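*Asks:* Sharing a structure with you now.
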Amino acid sequence: MLTIALVPSVALLLVGVALAGYLIYDAVTGRDYTNRIRGSEAPSIPFLASLQQERQATLSLLAGQSNQRAVLAAVRPKTDENAAKTIQYLKDSFADYDDTPPSVLKNITTFFGLYQQLPQNRQAIDGGQMQINQAFVYYNKMIDQFTDGVAGLAQNARGAQNAFDRLTAIPLFTAADEMQRSDALAAAGLAAGGLSNDDFRTYVGQVGAYHAQLDASAPKLIPEVKAKYDELLASQPWQTVNQVETTFLRGDLSKLPVPQDQWRTAARQVGSALMGIFILQSSNASQAAINDADSTFTESLIAGVVAVLFAVFVVFVAVRLSNRLIGRLHRLREDTLDAAEVRLPELVARVQAGEPVDLEEGGHFLDHGTDEIGQVADAFNKAQQTAIAAAIEEAKTKEGTKTVFLNIAHRSQVIVHRQLKVLDQAERKQEDPEQLDTLFQLDHLSTRARRNAENLIILGGGQPGRQWRNPVGLAELVRGASAETEDFARVKTAVLPQIAIRGPVVGDLVHLLAELIDNATAFSPPQSRVEIRGNVVGKGVVIEVEDQGLGLEPDQTEEINTMLADPPDFGIMALSDEPRLGLFVVARLAARHGIQVHLRESAYGGTRAIVLVRTDLLAPLAETEPEQPITPPKPELVPNPVEPETMANDEVAPLKRPVRRPARHRTEPPAPPAPVMAPAAVTPPPAAAPPVTVPPPAPDRSPSTVSTSTLSQVPLSPATQPPSGPTPVPVGSVSEPVSQPTQAQPVAAVRPPAPPARSSRPARPSAQQPVWPPQEPRAAATPESRPQQPRRPEAPGRPPLPQRRRQQNLVPQLREDKPAQEREEVRLDSPEVARSRLSAFQQGTRRARDEEFSENDDRYGERE
């Protein structure tokens, strides 16, 4: 109400103040403009007078009067002094002002350029290198800039009368200059003995022009100036100048009607009188403009004060009349804000929490009578009631959608679990490598489908079904996450800290790392590597996933880091242009357990994801019992013919087959390794001695140490002994761990039945020796000559693992012996590749034999 009353008053006040302000501003600017014009006369008139005098003396000098050098020597310093003052005033008063006409600025710039040429032209004049006409034109150009500038200032004057008065004064200035020009030509012609045809025509034009302009301007002059002009026409100098002009116009330059000194004095007096008439006319016009500006300023100030007083009176009346209505509106506003900020949010929170809410409860917040203000309050009540009803419907819809969403996700998860069980059974029954490779691919795709179903459950606010009760080692956890990615072979895992993650966090952390690793492999070149590193820090454990792709833009990285630090509502993510559901799932999982995830640029140009797991989510790694070597009766300790080499500490080679679940990882058992024995004589021992095997020791479940019990299971059959001296054993033929064991354990072996004649042991291959020596052709093995494989103990309640039979599934062509002259192709695998493949093979088979899981478990650790 107060606004309605104040709008007309304020509008009136603004209009009055604006009008008064405009008039005041116009008066001030007009006064300033006029003062600047008047101020320009003080330095400009003396400069023009000295410049005209220098022009006349210059023309006379060029015509042959050498006595004019003394005149030039006296007048040139005076010209330079007046020019400096004029140039400075023009720069300060017109060059930097917005109200200066563009034509005047152009004249000022042209004058500055011409004046800079004055010293050079003076040297040419003194040396006689410039013609009379050239000097005449040069000096006229400088004076013309002032003539055009005065005209431009007059046209831009404030007020029509002021502009008219100034335009009337311009012909006086032009006539005074043209009179001086004609006088200079006449003096030069007299000194040279006559004027050329061009100079004579110019002289005639100048004399006629200034007389015509004076005759035209005389009726328009103000009385005071008209009196001065009439006085000039009646003076003796004017008559003298007219007599000389008449003589020159007749073409008779041999004899002057008056003495030359009298003529020169009269010419100077007439020129000064004409310039004085112009100054008087211009000063009267400037004074009139100043008086007009002062009057406008006073009147505008009075009008502005009156407008302000009137507006204040109107405002006072409006405030008095609307005071009661304003009080009621204030109370309505306070009640409305209380309903909107306190009571209505409470009702909406109850609706979202699932509590029953009556619509009538939220429809009577405001009660302000039955008049217009009361009707407005009733309208607010209806709007709030509608908002509550919409919130109830939205809560119902959201809950139903969430239920359907989770139901679909759980159904998909159940189907994927069943599919994985079927694939696991098929993997156990299948021994064909090609079929196993296809089954492993299907197994991997099913694992990804299970993770997608878990993503849906997480987005729907549910909890995935996979949970662990006991802590799981960090290395096993990272290995499980890597196995869920499609390009698992590109993932390189460095040595991770010996620490475990608490059971309730394991499933979510595996899921989180799997999403990050999947992104790293998907957005990097197929031939590049994805590196995983871990380290213990002050706040917990840091896991880094680094790819070698193209990376992200800095603003995009900052946006993603903001989302990872504070995950928004799923509805907001669904409405965005790039949902990034995988990273959103990472953010939700990280926020659930207080894990920090941060992306930054990698040194390789890709992206590095840094995952910080807090200390309270960690647990010590469970210690395992040390392996106890099993020693048969009367053992003979034989040193290992091939010492294990420590693998590089910065990474672990990837597996050649996806390690989806250690307990169900299907890996064919290795071929029987080469026997470890002392070198035998050329004559083989009796073949009746049966092979003797040593049972395996207790399994070591430490992820960093692999048991060497495989070496104790090698049969020492006489049939397999070499017929000659010791032969280096290939690295790939011995089941040896990748990393150096923590405790050196001797390998127990059985003494051969027939000891050889020589007791020298086989020499260990040096670094210069090839790892894979050429193999000698051998005869095809028969079932009777093959050593019997010892049967490994199986986990209770599970079917036995399939046993490999050497050369059982070979095609007939491969069963035939090779010609004696052919040599087997030498393998080109490097020692590191051989060690990595053998290590992966051993670890997978050992976990399959030793780990025992429940029926539905498909991860490391125990399920709840």
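*Asks:* Report whether or not Gly189 is part of a helix (DSSP H, G or I), assigned by TED's automatic domain parsing to the domain that holds Leu59 and either among the small types (Gly, Ala, Ser) or farther than 26 Å from Gln68 by Cα (or both).
*Replies:* Details: part of a helix (DSSP H, G or I): yes; assigned by TED's automatic domain parsing to the domain that holds Leu59: yes; either among the small types (Gly, Ala, Ser) or farther than 26 Å from Gln68 by Cα (or both): yes.
Considered against the rule, which asks whether it is part of a helix (DSSP H, G or I), assigned by TED's automatic domain parsing to the domain that holds Leu59 and either among the small types (Gly, Ala, Ser) or farther than 26 Å from Gln68 by Cα (or both), Gly189 comes out as yes.
*Asks:* When region 440-463 is examined, which residues are found to be farther than 30 Å from Gly400 by Cβ and touching a residue at least 60 places away in the same chain (Cβ under 8 Å)?
*Replies:* Phe440, Asp443, His444, Thr447
*Asks:* Pull up region 80-108, narrow it to residues that are among the β-branched types (Val, Ile, Thr) and either in a helix (DSSP H, G or I) or in contact with a Lys or Arg (Cβ under 7 Å, 6 or more places away or on another chain) (or both), then point me to the one that is surrounded by the fewest Cβ atoms within 10 Å (Cβ to Cβ).
*Replies:* Ile87
*Asks:* Does Asp96 qualify as being closer than 30 Å to Asp26 by Cβ, without any contact (Cβ under 8 Å) to a residue 24 or more places away in the chain and out of contact with any helix residue (DSSP H, G or I) (no Cβ under 7 Å at 6 or more places or on another chain)?
*Replies:* yes
*Asks:* OK, next. Can you name every residue in region 125-161 that is of a type in the set (A, V, I, L, M, F, W, C), buried (at least 16 other Cβ atoms within 10 Å of the Cβ) and part of a helix (DSSP H, G or I)?
*Replies:* Hits for region 125-161 are Ile125, Ile132, Ala135, Phe136, Met142, Ile143, Phe146, Val150, Ala151, Leu153, Ala154.
*Asks:* From the residues in region 152-185 that are modelled with pLDDT of 80 or more and of a type in the set (Gly, Ala, Ser), which one is farthest from Ala285 (Cα to Cα)?
*Replies:* Of everything passing the filter in region 152-185, Ala184 is farthest from Ala285 (Cα to Cα).
*Asks:* Restricting attention to region 299-334, which residues are of a type in the set (Asp, Glu) and either in contact with a Gly (Cβ under 9 Å, 6 or more places away or on another chain) or free of Cβ contacts under 8 Å to residues at least 60 places away in the same chain (or both)?
*Replies:* Selection gives Glu334 alone.
*Asks:* Given (1) free of Cβ contacts under 8 Å to residues at least 40 places away in the same chain; (2) part of a loop (DSSP other than H, G, I, E, B), identify the lone condition not met by Gly251.
*Replies:* Here Gly251 meets the rest and fails (1).
*Asks:* Out of Arg479, Arg450, which single residue is in the same structural domain as Gly606 (by TED's automatic domain parsing) and part of a helix (DSSP H, G or I)?
*Replies:* Being in the same structural domain as Gly606 (by TED's automatic domain parsing) and part of a helix (DSSP H, G or I) holds for just one of Arg479, Arg450, which is Arg479.
*Asks:* While we're on this one: For residues in region 34-86 being of a type in the set (A, V, I, L, M, F, W, C), touching an Asp or Glu at 6+ places or on another chain (Cβ under 8 Å) and free of Cβ contacts under 8 Å to residues at least 60 places away in the same chain, which is farthest from Ala176 (Cα to Cα)?
*Replies:* Applying the filter and picking the extreme gives Leu72.
*Asks:* Could you identify the single residue in Ser235, Ser217 that is touching a Leu at 6+ places or on another chain (Cβ under 9 Å) and of a type in the set (Gly, Ala, Ser)?
*Replies:* Just a single option satisfies the conditions, and that option is Ser217.
The values are calculated or read from the model by the stated rules, or taken from the named source; none is laboratory data. Not measured: the values here are computed from a predicted model. No Cβ is skipped: glycine too gets one built from the backbone with ideal geometry, and neighbour counts run over all protein chains shown.
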